[in-house]
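This report concerns only the one structure given below.
The values are calculated or read from the model by the stated rules, or taken from the named source; none is laboratory data. As the structure is a computational prediction, the values presented were derived from the model and not from experiment. Don't worry about glycine lacking a Cβ; one is built from the backbone with ideal geometry, like all the others, and counts go over all protein chains shown.
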Amino acid sequence: MPWPMVHLAISNELAGGDPSPDLLLGCIAPDAIHARGQVSREEKGVTHLVLNGSLPAKERIMEAYLAYLPQRSEPAWKDFALGYVSHIYADLRWTETLYADFERRFEGDRDEIRKRYNEEMSRTEFALLRSLPGAEAHLTKLAAARGYAIAPFLTRQEVTHYRETKLGWLRNGSHEPRVRPVYFRLEAVMDFIRATSMEFSDLMRAWGTDRQHRQLSNGTRRLRDGSPTSRRPA
């Protein structure tokens, strides 16, 4: 699955370069299951709406979003819920594209593939942190988000604890490995971010959830103006 900076970058695209704090927190929240320590693949699957061992189809993701939207009235909740389901969609597309290609190309056993993946994604996290405009400001926003529970999967405390763990990791440059990415080069990851944000925007329009988000909250700038950053003319 993509690591936090990829999800934060997708939220940035969805919000036209001005993501709200709770959109940013929501987009990493499904992985807050790790706040419990060692968790099984099945336990992690619950927070990602996995069914029969597979990530949900896009229709199931949008159905979940429609169910979440009216649960609370605050605009911040609407953004948090949007971030949450965008994370699951990004995971789905990652497994179908970049990660699937990685598995086809990599020669080695399971332990080696996991080690290589973690090394390259660690390097990519810091490359994105350096490359994305406003990345440091987004981390400051992320730190300020109030956060919510996603019942019955995660408590608010788990979500905020996971955030603090990830922020601490990203703000410690010693975590960046000295490895040259081969399978997850920055250019390929940036292409994925742009493509996935556009796909998800189109999916929201097709389901009418972009309109519902606007009606129920002030939302984020991306949902007000209808154009992700990568589609704006230079």
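Determine which member of the set 76, 35 is more than 15 Å from the chain's Cα centre (by Cα), under 18 Å from residue 168 (Cα atoms), among the small types (Gly, Ala, Ser) and surrounded by fewer than 24 Cβ atoms within 10 Å (Cβ to Cβ).
On inspection, the qualifying residue turns out to be 35.
Please tell me if residue 91 is charged (D, E, K, R) and closer than 16 Å to residue 209 by Cα.
Against the criterion (charged (D, E, K, R) and closer than 16 Å to residue 209 by Cα), residue 91 does not qualify.
Wholly within region 149-234, which helices (runs of 4 or more DSSP H) include no fewer than the required count, namely at least 1 residues that are modelled with pLDDT of 95 or more, surrounded by fewer than 15 Cβ atoms within 10 Å (Cβ to Cβ) and polar (S, T, N, Q)?
Counting at least 1 such residues, we get 156-170.
Name the pairs whose Cβ atoms lie under 7 Å apart, with the first residue in region 93-122 and within 20 Å of residue 7 (Cβ to Cβ) and touching a residue at least 40 places away in the same chain (Cβ under 8 Å), the second β-branched (Val, Ile, Thr) and assigned to a loop (DSSP other than H, G, I, E, B), and 6 or more positions between them or separate chains?
119/179; 120/179
Table: residues versus (1) of a type outside the set (A, V, I, L, M, F, W, C); (2) without any contact (Cβ under 8 Å) to a residue 12 or more places away in the chain; (3) under 14 Å from residue 193 (Cα atoms).
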residue: 11; (1), (2), (3): yes, no, yes
residue: 14; (1), (2), (3): no, no, yes
residue: 69; (1), (2), (3): no, no, no
residue: 73; (1), (2), (3): yes, no, no
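Find all pairs meeting these conditions: Cβ atoms under 7 angstrom apart; at least six residues apart or on different chains; first residue within region 189-207 and within 17 Å of residue 1 (Cα to Cα); second residue at pLDDT 95 or above and surrounded by fewer than 17 Cβ atoms within 10 Å (Cβ to Cβ).
Qualifying pairs under 7 Å: 192/97.
Restricted to region 42-56, and to residues that are in contact (Cβ under 8 Å) with a residue 12 or more places away in the chain and aliphatic (A, V, I, L, M), which residue is nearest to residue 90 (Cα to Cα)?
The selected residue is 55.
Answer with yes or no whether residue 144 is exposed (fewer than 13 other Cβ atoms within 10 Å of the Cβ), touching a residue at least 24 places away in the same chain (Cβ under 8 Å) and more than 17 Å from the chain's Cα centre (by Cα).
yes
Could you list, in sequence order, all residues of region 101-144 that are of a type in the set (Gly, Ala, Ser) and either part of a helix (DSSP H, G or I) or touching a helix residue (DSSP H, G or I) at 6+ places or on another chain (Cβ under 6 Å) (or both)?
122, 127, 131, 135, 137, 143, 144
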